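**Student:** My structure is below; once you've seen it, I'll send some questions.
The values are calculated or read from the model by the stated rules, or taken from the named source; none is laboratory data. In this text the structure is predicted, and so the values were computed from the model without any measurement. For neighbour counting, all protein chains shown are included, and Cβ atoms are generated from backbone atoms with ideal geometry for every residue, glycine included. The protein model used for the area step is the full one, side chains on, heavy atoms only, and it has no ligands, DNA or RNA in it. Shrake-Rupley method; radii C 1.70, N 1.55, O 1.52, S 1.80 Å.
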Amino acid sequence: MSQEHRLVLMAHSTAQTPAIDRLTFHPHGLMMAFVVDCCDASDEYVSQATCVNNCNELGKVARVEAQKLARLIKLGYEMRLQLSKKGKELKEEKKERLEQLEKDKAEADSVRKEKEALKIAAEELENVALEKYRKIEEEVKRKEQEEEKRASEQEAFEHFHRLDANQDGKIQMSEIQTQQTFDQNKDGAVSEDETKLFFGSNDELNWEDFLASGWPRMKPFLMLDKGLFKPPTSEPTLDSAAEPVLESDATTQEEEEEEEQEEQGGPEEEEEEEEEGQKTEKTPLYDEETQQLIDEASKARSAFEEADRAVRDVQREIRQIQESLEKDYGVEEEFAPLDGECFEYTDFEYIYKLCPFDQVIQRPKSGGADTRLGTWSNWVGPEENKYLEMLYDKGQSCWNGPQRSTRVKMRCGTENALTSVSEPNRCEYVFEFVTPSICQLVEATEAQGHDEL
Ligand code: MAN
């Protein structure tokens with residue numbers, strides 16, 4: 001092989017798997033050299049290539065680099081030991097906390113049970129005391145509904161008489177046609193077709209038909225009109241409003257509208273006043289004993305809710321700790337301190353956020369919603385060291401594609417950092433994460449890639 005380009009691996013994170021395998025020096029990673037190898041040149045003779053034996057230079061460069069890397073790896077490894085120690089401590093703390101929480105849970109359960117019994121008892125007493133008030137309330141409500149019905153009929157009655165211009169007790173189409181309000185297409189005239197909506201198959205409407213079908217259909221037109229005009233300046237009485245209004249041909253549209261407004265404004269205001277009067281009547285004032293029972297029941301309810309919340313809080317914490325204890329933080333717990341931290345990497349378009357053992361997020365720099373690129377699944381590195389790669393899956397679905405997922409390749413380094421992000425396939429992301437947690441010491445000879453030296 002002539003001018004053989006050989007990757008000289010300076011260090012291994014494990015004997016088998018290169019942790020530092022990039023062609024460039026990365027601030028967070030470790031270095032790897034790209035060497036034109038004519039050292040010894042015995043293999044180059046085969047291809048008869050011109051090659052100067054550069055063993056000495058290569059040896060020097062390689063030795064310096066190897067020493068540098070060996071130092072970094074050693075430092076990384078020492079950090080890993082610390083992280084592992086911390087991870088083991090965290091695990092112990094979690095176990096202790098879990099034990100405590102199990103006890104707290106038993107206690108919280110019994111408090112909750114006690115508070116529940118007190119609440120049930122207090123509510124029973126409250127219920128009995130409130131029963132008589134409920135009957136009063138029902139009666140008030142019934143009266144209110146009756147009153148509403150009466151007021152609505154009264155309003156319909158007033159309009160019936162107003163529209164019944166010839167006062168024959170029936171409303172004819174011609175009487176409706178004088179009312180501009182019903183000019184639906186606004187062509188200046190109320191056509192027969194436009195009146196049909198109110199008459200259905202009838203030629204005229206008597207009071208019963210008007211109340212049952214004509215009025216409910218007319219009311220929206222009158223209300224719409226009402227909203228268009230100025231509110232009345234004088235307050236008409238119920239009596240004057242109830243009087244049927246005979247409209248002469250000479251009445252201008254404006255006058256008609258004003259009259260209409262006055263007619264409708266009067267009774268409605270009266271209704272409001274009546275309602276207000278009923279409101280005070282509606283809220284029953286409880287007698288002292290009942291009020292006391294209500295207060296006691298309220299207190300018992302609050303105490304129960306508090307106890308219930310306490311149980312749920314303990315349960316939540318137990319679940320979180322159990323989930324955490326089930327996570328694989330490495331054989332020596334060396335990855336445990338990463339849980340709870342997040343690391344960012346910014347490219348042209350996005351800020352990527354890796355929260356180890358939790359989730360991966362993509363945030364557009366220009367603003368907008370985050371996209372979940374996956375949640376923690378498991379370690380998926382090669383058989384000899386599964387801790388070299390993490391998988392985050394079940395992320396947000398890709399348009400017309402799979403659910404997003406992210407693989408995180410772990411590199412040895414002396415600090416934790418997300419050092420690169422790529423999307424080799426649409427919605428499949430590959431991150432590189434540098435961490436001391438993956439650093440492992442190797443024999444000095446293994447760190448020398450150049451076997452000829
Ligand atoms: C977004 C981002 C990209 C992804 C496309 C797929 O723009 O999540 O990373 O490739 O959606 O449609």
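**Student:** Here's a check for you: in the range 357-381, which residue that is part of a strand (DSSP E or B) and away from the ligand (no atom under 14 Å from the Cβ) is least open to solvent (accessible area, probe 1.4 Å)?
**Tutor:** TRP379
Okay, residues lined up against (1) touching a helix residue (DSSP H, G or I) at 6+ places or on another chain (Cβ under 8 Å); (2) closer than 16 Å to TRP215 by Cα; (3) not acidic (Asp, Glu):
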site	(1), (2), (3)
ARG134	no, no, yes
ASN166	yes, no, yes
ILE171	yes, yes, yes
SER174	no, no, yes
GLN177	yes, yes, yes
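Residue-wise test of (1) under 16 Å from ASN416 (Cβ atoms); (2) open to solvent by 80 Å² or more (accessible area, probe 1.4 Å); (3) without any contact (Cβ under 8 Å) to a residue 60 or more places away in the chain.
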position: ALA66; (1), (2), (3): no, no, no
position: ALA70; (1), (2), (3): no, no, no
position: ARG80; (1), (2), (3): yes, no, no
position: LEU83; (1), (2), (3): yes, no, no
position: GLU89; (1), (2), (3): no, yes, yes
position: GLU92; (1), (2), (3): no, yes, yes
position: ARG97; (1), (2), (3): no, yes, no
position: LYS103; (1), (2), (3): no, yes, yes
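**Student:** Tell me, which strands (runs of 3 or more DSSP E) lie completely within the range 382-441 with 2 or more residues that are in contact with a Gly (Cβ under 7 Å, 6 or more places away or on another chain) and within 14 Å of the ligand (Cβ to nearest atom)?
**Tutor:** Because the criterion is at least 2 residues that are in contact with a Gly (Cβ under 7 Å, 6 or more places away or on another chain) and within 14 Å of the ligand (Cβ to nearest atom), the strands (runs of 3 or more DSSP E) in the range 382-441 that meet it are 405-412.
**Student:** On the basis of being closer than 28 Å to PRO364 by Cα and not acidic (Asp, Glu), does GLY330 make the cut?
**Tutor:** no
**Student:** Residues of the range 392-439 being over 29 Å from the mean Cα position of the chain (by Cα) and open to solvent by 60 Å² or more (accessible area, probe 1.4 Å), which ones?
**Tutor:** LYS409, GLU415, PRO424
**Student:** Just give me the residues in the range 394-430 being hydroxyl-bearing (Ser, Thr, Tyr) and closer than 13 Å to GLN362 by Cβ, in sequence order.
**Tutor:** SER405, THR406, SER422, TYR429
**Student:** Quick check: anything in the range 324-332 at pLDDT 95 or above, touching a Phe, Trp or Tyr at 6+ places or on another chain (Cβ under 9 Å) and hydroxyl-bearing (Ser, Thr, Tyr)?
**Tutor:** Yes, some residue in the range 324-332 is at pLDDT 95 or above, touching a Phe, Trp or Tyr at 6+ places or on another chain (Cβ under 9 Å) and hydroxyl-bearing (Ser, Thr, Tyr).
**Student:** Can I ask one more? For the range 291-350: of the residues being within 16 Å of the ligand (Cβ to nearest atom) and loosely packed, with under 12 Cβ neighbours inside 10 Å, which is farthest from ASP109 (Cα to Cα)?
**Tutor:** Taking the candidates together, the pick is PHE348.
**Student:** Looking only at the range 184-210, which residues are within 17 Å of ALA165 (Cβ to Cβ) and surrounded by 13 or more Cβ atoms within 10 Å (Cβ to Cβ)?
**Tutor:** Residues satisfying the conditions are VAL190, THR195, PHE198, PHE199, GLU204, LEU205, ASN206, TRP207, PHE210.
**Student:** Which pairs turn up if I take residues in the range 398-421 that are without any contact (Cβ under 8 Å) to a residue 40 or more places away in the chain and of a type in the set (Ser, Thr, Tyr) and look for partners that are in a strand (DSSP E or B) and within 16 Å of the ligand (Cβ to nearest atom) with beta carbon separation below 8 Å, at least 6 apart in sequence or on another chain?
**Tutor:** From residues that are without any contact (Cβ under 8 Å) to a residue 40 or more places away in the chain and of a type in the set (Ser, Thr, Tyr), the pairs are SER405/LEU373; SER405/GLY374; SER405/TYR392; SER405/ASP393; SER405/GLU428; SER405/TYR429.
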